[in-house]
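**Q** Shown below is the structure under consideration.
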Amino acid sequence: MGKGHMGLLLFCSLLCVVTSGLSTNLPILAFEEGYTPLFGDHNLVIHSDGKSVHLSLDERTGSGFISHDIYLHGYFSASIKLPADYTAGVVVAFYMSNGDMFQKNHDEIDFEFLGNIRGKDWRIQTNVYGNGSTSIGREERYGLWFDPSEDFHQYSILWTDSKIM
């Protein structure tokens with residue numbers, strides 16, 4: 001990725017619980033210590049443990065938050081349950097971006113859950129952009145072999161100094 005550091009802009013709309021680490025070996029930062037709500041104030045609820053949030057979507061807006069710090073590497077994870085039924089036109093995203101600092105040529109790593117029509121298979125799109133372009137990165141779409149609206153599923157990004165997994 002061209003600019004080296006990437007601010008974590010995490011946007012999850014719809015039924016989503018996000019934590020900064022899953023294992024007792026990984027530090028879990030309290031939400032208010034590391035993040036600020038970005039939009040959808042009433043759709044972002046901090047859990048009583050202070051370390052996870054519930055994000056939702058209503059007929060007017062979704063919700064999202066942004067990190068206080070920028071990250072060069074890390075492990076980022078979200079437990080996401082997608083809405084059931086007809087959701088064409090709705091995209092649920094879990095992503096990291098430095099678009100707030102580099103609006104025209106940002107870097108981005110993400111999962112995008114594309115809206116669905118009842119009875120059709122769900123699709124997920126992954127993107128890695130460098131300098132605002134997939135020519136320095138890649139974009140892939142996959143059909144899911146399970147129904148992501150039936151339960152919460154864990155989606156994670158492990159970003160090291162040499163790999164993104």
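The values are calculated or read from the model by the stated rules, or taken from the named source; none is laboratory data. Just so it is clear, the structure is predicted and the values come from calculations on it, not from any experiment. Quick reminder, even Gly has a Cβ in these numbers, built from the backbone with ideal geometry, and neighbours come from all protein chains shown. What goes into the accessible areas is simple: the full protein's heavy atoms, side chains included, and nothing from ligands, DNA or RNA. Shrake-Rupley method; radii C 1.70, N 1.55, O 1.52, S 1.80 Å.
**Q** When you scan segment 8-23, do you find a residue that is surrounded by 18 or more Cβ atoms within 10 Å (Cβ to Cβ), closer than 20 Å to G143 by Cα, modelled with pLDDT under 85 and β-branched (V, I, T), even just one?
**A** The answer is no; no qualifying residue exists.
**Q** Kindly list, by first and then second residue, each pair from a residue in segment 60-71 that is under 12 Å from Y35 (Cβ atoms) and open to solvent by 20 Å² or more (accessible area, probe 1.4 Å) to a residue that is modelled with pLDDT of 85 or more and not in a strand (DSSP E or B), limited to pairs with Cβ atoms under 8 Å and residues at least 6 apart or on different chains.
**A** As it stands, the answer is H68/E33; H68/G34; D69/G34, since those pairs meet every condition given.
**Q** Let me ask another. Could you grab me the full set of residues in segment 116-165 that are over 25 Å from T87 (Cα atoms) and among the aromatic types (F, W, Y)?
**A** Y129, W159 - these are the residues of segment 116-165 that are over 25 Å from T87 (Cα atoms) and among the aromatic types (F, W, Y).
Here's the yes/no breakdown for (1) within 23 Å of L38 (Cβ to Cβ); (2) aromatic (F, W, Y):
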site	(1), (2)
V91	yes, no
F102	yes, yes
N105	yes, no
E108	yes, no
Y129	yes, yes
R138	no, no
R141	no, no
L144	no, no
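Results for (1) farther than 20 Å from G40 by Cβ; (2) of a type outside the set (A, V, I, L, M, F, W, C), shown as yes or no for each residue.
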| residue | (1), (2) |
| --- | --- |
| F102 | yes, no |
| N105 | yes, yes |
| D110 | no, yes |
| P148 | yes, yes |
| S156 | yes, yes |
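**Q** Also, I was wondering about something else. Output the number of residues of segment 139-163 satisfying the condition of being in contact (Cβ under 8 Å) with a residue 12 or more places away in the chain and over 30 Å from R118 (Cβ atoms).
**A** Residues flagged as in contact (Cβ under 8 Å) with a residue 12 or more places away in the chain and over 30 Å from R118 (Cβ atoms) within segment 139-163 amount to 4.
**Q** Please determine, by comparing only the residues of segment 85-144 that are at pLDDT 85 or above and hydroxyl-bearing (S, T, Y), which one is most open to solvent (accessible area, probe 1.4 Å).
**A** Y142
**Q** Filter segment 29-59 down to the residues that are in a strand (DSSP E or B), open to solvent by 30 Å² or more (accessible area, probe 1.4 Å) and among the hydrophobic types (A, V, I, L, M, F, W, C) and list them by number.
**A** L38, F39, V45, I46
**Q** Being in contact with a His (Cβ under 6 Å, 6 or more places away or on another chain) and under 18 Å from F152 (Cβ atoms) is the filter here, so list the residues in segment 44-79 that pass it.
**A** Listed by number, the list holds a single entry, V45.
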